[in-house]
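Written out below as structure tokens is the structure these notes cover.
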Amino acid sequence: MSMWDGLYGDIDVRRVQPYEANKVYICPGCNQDIPVGMGHYVCVPADAVDLRRHWHYACWDNRLPKTR
Ligand SMILES: [Zn+2]
């Protein structure tokens, strides 16, 4: 089980609006940049808030294997 599947508690997912995205982040889903000005998610494990990461919308939504 990975931290994104509940290892460190539930994941708090917050939407970062384009105007709030004023730094470049590396998305752990694809290891690509999230450029300044791109809306994305910030995902925070409840029991390990220091491990918060910024994800592309599509990478977060697609991180789990499809079940149907
Ligand atoms: Zn990504």
Binned at 5 Å from zero, the C-alpha pair distances of the chain give percents of 4, 18, 26, 26, 16, 8, 2, 0
Per-residue Cβ neighbour rank within 10 angstrom, fewest leading, ARG53, ARG63, ARG14:
ARG14, ARG63, ARG53
When VAL42, VAL36 are ordered from fewest to most other Cβ atoms inside 10 Å of their Cβ, what list results?
VAL36, VAL42
Mind sorting ASP50, ASP10 by how few other Cβ atoms lie within 10 Å of their own Cβ, fewest first?
ASP50, ASP10
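Readers should treat all values here as calculations from the given coordinates under stated rules, not as data from a laboratory. Not measured: the values here are computed from a predicted model. As a convention, Cβ positions derive from the backbone with ideal geometry for all residues, glycine included, and neighbour counts pool all protein chains shown.
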